[in-house]
1. Looking at Thr65, Thr71 in this structure, which one is at negative phi, out of contact with any Cys (no Cβ under 8 Å at 6 or more places or on another chain) and at pLDDT 95 or above?
2. Answer yes if at least one residue in segment 80-103 is within 12 Å of the chain's Cα centre (by Cα) and polar (S, T, N, Q), and no otherwise.
3. I want to confirm something. Restricting to segment 64-108 and keeping residues that are among the basic types (Lys, Arg) and touching a strand residue (DSSP E or B) at 6+ places or on another chain (Cβ under 7 Å), which single residue is farthest from Gly41 (Cα to Cα)?
4. If a residue counts only when it is open to solvent by less than 80 Å² (accessible area, probe 1.4 Å) and among the charged types (D, E, K, R), which strands (runs of 3 or more DSSP E) contained entirely in segment 11-87 have at least 2 such residues?
5. Could you list all residues from segment 1-31 that are within 11 Å of the chain's Cα centre (by Cα) and free of Cβ contacts under 8 Å to residues at least 24 places away in the same chain?
Amino acid sequence: MAFDQALADRIRDELGDLDGVDDRKMFGGLIFMVHGNMAVGVMGDDLIVRLGEQAAEAALSEPGTRVFDITRRPMRNWVVVDGERLDDDALARWLRAGVAFASSLPPK
């Protein structure tokens, strides 16, 4: 699966000044890590965000979100955000949430 390079570049621009941010190709997309913990990623034209189980469940009530499920086993800690809903403000908000969760975990 190819991923939206323009969205990946927007994420790099937004996260570029943060300490410990790295990206890796995974799941057929591009995942951004914070101190070795997955935070957000690009899958196709969409953003995936790691929020933790309770926050992910709450986020699913927002328009343009859905369960992250690429293996027929939903990943309860993650949501997918429709790329068409990612204006600059929305992208920044989702990135902050994903980075906050990843930063709450011990570094790897």
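The values are calculated or read from the model by the stated rules, or taken from the named source; none is laboratory data. Computed from a prediction, not measured in an experiment: that's the story for all the values here. Neighbour counts are summed over all protein chains in view; Cβ atoms, including those assigned to glycine, are modelled from backbone coordinates with ideal geometry. Keep in mind that these areas ignore ligands, DNA and RNA; they rest on the heavy atoms of the full protein, side chains included. Shrake-Rupley method; radii C 1.70, N 1.55, O 1.52, S 1.80 Å.
1. Values: Thr71 fails: at pLDDT 95 or above.
Testing whether each residue is at negative phi, out of contact with any Cys (no Cβ under 8 Å at 6 or more places or on another chain) and at pLDDT 95 or above leaves just Thr65.
2. no
3. Quick first cut of segment 64-108, residues among the basic types (Lys, Arg) only: 66, 72-73, 76, 85, 93, 96, 108.
Applying the additional criterion that residues be touching a strand residue (DSSP E or B) at 6+ places or on another chain (Cβ under 7 Å) yields 66, 108.
Numbers: Arg66: 15, Lys108: 18 Å.
This residue is Lys108.
4. Numbers: elements: 21-26, 29-34, 37-43, 46-50, 65-67, 78-81.
The qualifying strands (runs of 3 or more DSSP E) are 21-26, 46-50.
5. Ile31, the sole residue that qualifies.
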